[in-house]
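Notes follow the structure.
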Amino acid sequence: MQITIDIPDEITEQLTETPDQLQRHLLELLVIETYRTERITHFQVGQLLKLPSRWAVDEFLKTHQAYLHYNPDDLVSITILNISISPIVGAGLGTKSN
C-alpha cells in the first residue's frame with residue numbers, strides 16, 4: 001500500500017528533512033504508534049522498517065520508548081527462569097574463571 005500526504009508549502013519550507021528522510025520518519029512514527037497500541041507485532045516492526053535482526057527491533061523500540069509487550073504468562077516464565085538461574089549465578093557457576 002502506498003499512502004500520499006499533502007503538506008502545505010509553507011510547512012514544508014520549515015522541514016529540514018529531505019523527502020526520503022521525511023518518508024522514513026513518518027513510517028517510523030506510524031510503526032511506533034501501531035506497536036504501542038498492539039496493532040502490529042514485534043516481528044512486523046522489523047519487517048516494516050527492514051531492520052536486520054530482533055535485537056535491532058528491540059533497540060529501535062527502546063529508543064522510542066515503545067516497550068516490549070508481555071502478558072501474564074510471559075512474566076511468570078521470566079520469574080521462574082530468574083529463580084532457577086539465581087542459585088547457579090550466586091554459587092559462581094554462571095561466571096568464567098581465570
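Out of (1) within 19 Å of the chain's Cα centre (by Cα); (2) in a helix (DSSP H, G or I); (3) of a type in the set (D, E, K, R); (4) exposed (fewer than 11 other Cβ atoms within 10 Å of the Cβ), what's the single condition that is false for ASP20?
(1) is the only condition that ASP20 fails.
Can you tell me which residue within segment 33-56, out of those that are more than 13 Å from HIS69 (Cβ to Cβ) and in contact (Cβ under 8 Å) with a residue 12 or more places away in the chain, is surrounded by the fewest Cβ atoms within 10 Å (Cβ to Cβ)?
Residues of segment 33-56 that are more than 13 Å from HIS69 (Cβ to Cβ), as a first pass: 33, 46-56.
Now restrict to residues that are in contact (Cβ under 8 Å) with a residue 12 or more places away in the chain: 48-49, 54.
Working: LEU48: 15, LEU49: 16, ARG54: 12.
Among those that are more than 13 Å from HIS69 (Cβ to Cβ) and in contact (Cβ under 8 Å) with a residue 12 or more places away in the chain, it is ARG54.
Rule-based calculations on the coordinates, nothing more; no lab input. The structure displayed is predicted, hence computed values, not measured ones. Don't worry about glycine lacking a Cβ; one is built from the backbone with ideal geometry, like all the others, and counts go over all protein chains shown.
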